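Undergrad: Dropping the structure in here first, questions after.
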Amino acid sequence: MSELLGVDHVTVRFDLGGGGLFGGKKRVLQAVVDVSFSIEEGEVLALVGESGCGKSTLGTVVAGLREPTSGTLRFRGKPLTAEMRREAQRSIQLVFQDPFSALDPRMPVSSIISEPLRIQKLGSQASRRARAAELVEQVGLPVDSLNRYPHEFSGGQRQRIAIARALAPDPKLIVADEPLSALDVSIQSQILNLMKELQEQRRLSYLFISHDLAVVNHLVDRVAVLYLGRLVEIAPREEIFRRPSHPYTQALLAAVPRIGHFRERRAKNIRGEMPSPLNPPPGCVFHPRCPKAQSICRESAPLLEPAPERPQQLAACHFKD
Amino acid sequence: MGRFILRRVTQSVIVMLVMSFIIYNLIGLMPGDPIDLMIASNPGATPEVVAHLRAIYGLDQPLIFRYWHWLAAAMTGDLGFSRVHSQPVLEVLLPALWQTCKLLLTSFVVSVIISTVIGALAALRPNGIADNIISLFAFAGISVPVFWLALMMILVFAVQLHWFPASGISDVGNGSFGDQVRHLVMPVTVLALANTGGFTRYVRASMLETMRMDFVRTARAKGAGPWRVVVTHGFRNALIPVVTVWALNFGTLFGGALVTETMFAQPGMGKMIYDSIMGNDFNLALSGLLFACLVTLLSNLGADLAYGWLDPRITLK
Amino acid sequence: MSITMDAAPRTEAAVSPWTLRWRRFRHHPGAMISLGILVLLILFCLAAYPYEYFSGLDPNATDLLSRYDPPSAAHLLGTDDAGRDELLRLMVGGQISLLIGLLATVIGGVVGLAIGMSAGYFGGRVDSALMRFTDGIIVLPLLPLLIVLEALDLTKLGFSQEFARSGAAAFWRIVIVISLVDWTAVARLVRAATLSIRERDFVRAARASGAGAIYMMGTHILPNVATPIIVAFTLTVGRVILLESVLSFLGLGVVPPTPSWGNMLNNAQELVTTAPALAVYPGLLIFITVIAVNFLGDGLQHAFDPRSER
């Protein structure tokens, strides 16, 4: 396996105004703080966390929609420079959460699917149409869908169209931002199976953003857990499910219903709400909610380091399991 | 709040400065120039005299320089001299402003009252008979050419029926309060009719929006009658956006006042601006236009403040 | 919106949005009547050509021997203060007034579209600069400003004497002057619509593929802001016709002998006593046109608003 995409000490800050001539206090929101990870070719990496933890922001950085405030991206082992942007734009595609906002209501499906090719000026008009026809069948829609408009399709069908669009330029990596959470449960599994099938056929990599560990369980190879913009744990799926190291991951997993286990009460482990990213707590950002917190946690932020005897499982905690 | 007012006032001052510069330039582009007008009345002027006059009035200097001179003088309250009236501009301006205030304020109050009542009435039962009639009236109000409405009023009430005088602010030798009121009836009616249309549509739309909200539906479900709901719940909430529209429109009423005053020969700001532009009275035109801008800016500022005052949820930043 | 079935297309929504809109429009009586009235008005104005041809009348030729003639077989609505056929002048004047309304709306609309779309799409400093500019224009007292712009000396702007005095100059001047001032409503509307569309996922998807600003505005934003623009354009036409009429009435817009509904009321104060009917006709036509246009706009708004039930 070789590295497809690397994320290197990426930080994203939002300037929420203030300052200036009449402004009052300047406010800065740290959405993503010093995050590093990589995705191998053909690997599925899940990015999980509560809403507001910065996972979608990180997704937009990976997809090239937002420049990080600091830090860099690597693509195929080389720094992602402006010249390489074009190739990356073809190789990295997006699937969104809301299938109703993801498709332009004024475009027929064939134009929607072939749009990435049109923007990148790939192929002739005829070949682009042929490609759209081929893709529409691969995602399990009838060929006559091509001349229809998005309003004629249901949410699940629209998500299939969005996936077909993402596949059009033959990408290597698909950033999927909660692609299932707007869908009904019965349809979720259909889309999940479709994504898994496509991944296996084409050796695709996914950056699969989700708030729910249960959903991604049988699709992913590795899991990265984000809390308040910080990467708190990253590990192969089996290890993280068998023995989560960070207390936050433990709490997330406790909330996942599994066969043979009773769903534990979340309140037992984890207290309160996630603090505002405008005003993060000092030291380890998780300490106000952590059952294991000691005085050191209030003072120094832990580094992301291997868990005891598990070199592949990294966690950022002073008292990791 | 204090910071908000400070910022808005600063913005308004900047806008006023930019406006004054633009309008100063535009006035400079109007036909003729002051010296031409002077020598027209004095055929014996030699070229040397003309050049001398130009130097005295600073017309040989670049435009930005002249603007700066004008601005410095204006800051001290010296707006120059009106050519046509042979009086300082301020002495022409102030009586005209007072006359316009009488016209504008009266018609504004009239149209606010009428539009609130009939707008609420229309919203009470959407698409009912009353709503349709009121809507038609409101559309007529926004669609009628104001000058033609004035013309028709003159035709019917002055020429045919002789109820009201067609022009002026008082009869010669009269000037009592009753006489002044008689002269104001038609201009006020025209301006009020023209404004009521738009206002009514805003009130109706805002009322409908409010009546759809949950707290109003709750009140209705509790068994409160429609009028009670409208009065106790609807009005206060519906009027918040409407007040803004009223205040914003106060400035644009100037356009209506210009037409109405011209039609009824009322010596107000609108007619004064029109006459001064048409009569090449540069100083008066410039000051009049800037006054009109100032009124609009002030009413915008007032609208923002009223908005924050009426709706405690809005914090002004 | 809930998603229940993945298998079949949703039957309720399978009707295209335009069909639904047409249905809603058809059930708006005011709009339908207005549409009819507007068609009749346009036909009336165009009837100038056959009427001129068959009657042999000239809309601009004066005949001082037959001033203020009452209606007769030769002059169906009588003659005006210069002995010209009133009916023919109403038809020709209507063409001028409607044409100015449409042209100024389109030109001002393009200005507003460009400004609003750039402000909404680029955001940040471009947005605040363009919007401050727009706010500045809104603050201006519209009618006095139009009068100043109409009164400007074209020769001081470098145009020749003959051009400055020509009827064409007067026509284009009023079109441009109005469109220079009356684009702010469209700009604000388009900006707001652009802002909401810019954040939609299909725009972000295209951006992730490397689409540039021109592609984005032309392909995704313009088609999606089309509906609010159509409504705004309609309402603008009405407003422009009113502005043209008042300027021409004040003797500033369309210059005689070319008729427009506004300048036919030029000496209205005199007409009121001598020939009241002549003071009624042009204004009534303006009134009917503008009210019909406004009702049409209301109907379109209703038809385009997904919240409306009918």
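Quick note: the coordinates plus some simple rules give every number you see, no bench work behind them. Bear in mind the structure is a predicted one, so any value in this text is a computation, not a measurement. Because the Cβ atoms are built from the backbone with ideal geometry, glycine has one as well, and the counts that use them run over all protein chains shown.
Undergrad: Of C:A48, C:A73, C:A193, which is the most mobile in a GNM of chain C whose springs link Cα atoms less than 10 angstrom apart?
TA: Maximum among the listed residues: C:A73.
Undergrad: Taking a cut-off of 14 Å, what percent of all Cα-Cα pairs in segment A:146-216 are separated by more than that? Provide the component values of the computation, followed by the final result.
TA: Numbers: 1525 of 2485 pairs.
That fraction is 61 percent.
Undergrad: Helices from chain C with mean Kyte-Doolittle at least 0.5 and a Cα length along the axis of 27 Å or more, per DSSP H: which?
TA: Numbers: long enough: C:86-122 (53 Å, 1.59); C:222-249 (39 Å, 1.57); C:276-304 (42 Å, 1.40).
In chain C, the long hydrophobic H runs are C:86-122, C:222-249, C:276-304.
Undergrad: Gain in length, A:R243 to A:S2, computed as 0.36 nm per residue apart minus the alpha-carbon separation, to one decimal in nm? List each step's numbers first, then the result.
TA: Values: separation 241, 0.36 × 241 = 86.76 nm, distance 2.68 nm.
Contour length minus the Cα-Cα distance gives 84.1 nm.
Undergrad: Now a separate question. Loop only per DSSP, at most 13 neighbouring Cβ atoms within 10 Å: give me the GluC sites (Glu not before Pro) in segment C:229-310, ordered by residue number. Don't skip to the end; give the middle numbers.
TA: On the way: sites: C:E244, C:E270, C:E309; in loops: C:E309.
Counting only loop positions with at most 13 other Cβ atoms within 10 Å, the GluC sites (Glu not before Pro) in segment C:229-310 are C:E309.
Undergrad: Now for a different question. With each run of n ≥ 4 DSSP H residues scored as -39500 (n - 2.57), what mean residue ellipticity at 222 nm is computed for chain C after dividing by its residue count and rounding to the nearest 500 deg cm²/dmol?
TA: -22000 deg cm²/dmol
Undergrad: What's the extension gain from B:M278 to B:W98 if we count 0.36 nm per residue and subtract their Cα-Cα distance? It would help to have the intermediate numbers written out before the result.
TA: Values: separation 180, 0.36 × 180 = 64.80 nm, distance 2.20 nm.
Taking B:M278 through B:W98 to full extension adds about 62.6 nm, to one decimal.
Undergrad: Further question on the same structure: Rounded to a whole number of µm²/s, how large is the Stokes-Einstein D of the protein assembly as shown at 25 °C and 0.890 mPa s, given Rh as the Kirkwood radius over C-alpha pairs? The partial results should precede the final answer.
TA: Values: Rh = 33.1 Å.
My calculation gives 74 µm²/s for D.
Undergrad: Now a separate question. Rounded, prolate or oblate for chain C? Axes are the square roots of the Cα gyration tensor eigenvalues, ordered a ≥ b ≥ c, and the cut-off for rounded is a/c under 1.5. Kindly include the intermediate steps, with their values, before the conclusion.
TA: Details: a/c = 2.97, a/b = 1.65, b/c = 1.80.
The shape class here is oblate.
Undergrad: Could you compute the net charge surrounding C:T62? Neighbours are other residues with a C-beta less than 15 Å from the C-beta of C:T62; K and R count +1, D and E count -1.
TA: On the way: positive: C:R67, C:R84, C:R89; negative: C:D58, C:D63, C:D69, C:D80, C:D81, C:D85, C:E86.
Charge balance in the 15 Å sphere: -4.
Undergrad: Binning at 20 angstrom from zero up to the longest distance, how are the C-alpha pair distances of chain A distributed in percent?
TA: Bins of 20 Å from zero give 30, 55, 15, 0 percent of pairs.
Undergrad: Ok, one more. Helix hunt in chain A: which complete DSSP H runs extend at least 15 Å axially by C-alpha with mean Kyte-Doolittle at least -1.0?
TA: Details: long enough: A:109-119 (16 Å, 0.86); A:125-138 (20 Å, -0.94); A:155-167 (18 Å, -0.24); A:185-202 (26 Å, -0.44).
Taking the DSSP H segments of chain A (at least 15 Å long, mean hydropathy at least -1.0), we get A:109-119, A:125-138, A:155-167, A:185-202.
Undergrad: I would also like to ask the following. Which residues among segment A:104-123 fall inside the zone where the amide N is under 18 Å from a point 7 Å beyond the Cα of A:R86, along Cα→Cβ?
TA: The answer is A:116-123, whose backbone nitrogens lie closer than 18 Å to the label point.
Undergrad: Shape verdict for segment A:1-123, please, from the Cα gyration tensor: rounded (a/c under 1.5), prolate (a/b greater than b/c) or oblate.
TA: Numbers: a/c = 1.82, a/b = 1.30, b/c = 1.40.
Oblate, since a/c reaches 1.5 and b/c is not below a/b.
Undergrad: Modelled label-to-label distance, C:A169 and A:A133, 7 Å Cα→beta-carbon offset: nm?
TA: 6.3 nm
Undergrad: Please check: in the Gaussian network model of chain A (C-alpha springs, under 10 Å), which one of A:V33, A:V185, A:V175 has the largest mean-square fluctuation.
TA: Between A:V33, A:V185, A:V175, it is A:V185 that shows the largest mean-square fluctuation.
Undergrad: If I model a spin label as a point 7 Å beyond the Cα along the Cα-Cβ vector, how far apart are those points for C:S196 and B:W163 in nm?
TA: The answer from the label model is 4.6 nm.
Undergrad: For the pair A:A255 and A:V185, what calculated FRET efficiency results from E = 1/(1 + (r/R0)^6), where r is the Cβ-Cβ distance and R0 = 30 Å, to the nearest 0.05?
TA: Details: r = 17 Å, r/R0 = 0.57.
FRET efficiency, A:V185 to A:A255: 0.95.
Undergrad: Would you mind ranking A:C290, B:C101 so that the residue whose beta carbon has the fewest other beta carbons within 10 Å leads the list? Present the calculation step by step, with values, prior to reporting the outcome.
TA: Values: A:C290 21, B:C101 15.
Ordered from fewest to most neighbouring Cβ atoms within 10 Å, A:C290, B:C101 come out as B:C101, A:C290.
Undergrad: For A:K292, A:K55, A:K172, which order do you get if you count the other beta carbons within 10 Å of each Cβ and list the fewest first?
TA: A:K292, A:K172, A:K55
Undergrad: How do A:M274, B:M213, B:M207 line up, fewest other C-beta atoms within 10 Å first?
TA: Numbers: A:M274 19, B:M213 13, B:M207 26.
So the ranking, lowest neighbour count to highest, is B:M213, A:M274, B:M207.
Undergrad: Taking the Cα centre of the protein assembly as shown as the origin and placing charges on Cβ (Lys, Arg +1; Asp, Glu -1), which of B:S170, C:A213, C:S55 is farthest toward the positive end of the dipole?
TA: Farthest along the dipole direction, towards plus: C:A213.
Undergrad: Suppose R0 equals 60 Å. What FRET efficiency, 1/(1 + (r/R0)^6) with r the Cβ-Cβ distance, do B:L63 and C:M32 give to the nearest 0.05? Please report the intermediate quantities before stating the final value.
TA: Working: r = 55 Å, r/R0 = 0.92.
The pair B:L63/C:M32 has a calculated efficiency of 0.65.
Undergrad: Further question: For C:Q95, what is the net charge nearby, where nearby means another residue's Cβ is under 14 Å from its Cβ and Lys, Arg count +1, Asp, Glu -1? Please report the intermediate quantities before stating the final value.
TA: Values: positive: C:R89; negative: C:E52, C:E244.
Neighbourhood net charge equals -1.
Undergrad: If segment B:252-309 were replaced by its equivalent ellipsoid, with semi-axes equal to the square roots of 5 times the Cα gyration tensor eigenvalues, what would those be, largest first, whole Å? Before the final figure, lay out the partial values.
TA: Values: eigenvalues 136, 38, 7 Å².
So the equivalent ellipsoid measures 26, 14, 6 Å along its semi-axes.
Undergrad: I'd like the FRET efficiency for A:R13 and C:F122, computed as 1/(1 + (r/R0)^6) with the beta carbon distance as r and R0 of 35 Å, rounded to 0.05. Show your work: numbers first, answer last.
TA: Values: r = 21 Å, r/R0 = 0.60.
Calculated value: 0.95.
Undergrad: State the extension gain, in nm to one decimal, for the chain segment bounded by B:V109 and B:N25, taking 0.36 nm per residue of separation less the distance between their alpha-carbons. Could you put the intermediate results ahead of the total?
TA: Values: separation 84, 0.36 × 84 = 30.24 nm, distance 3.62 nm.
So the chain would gain 26.6 nm between B:V109 and B:N25.
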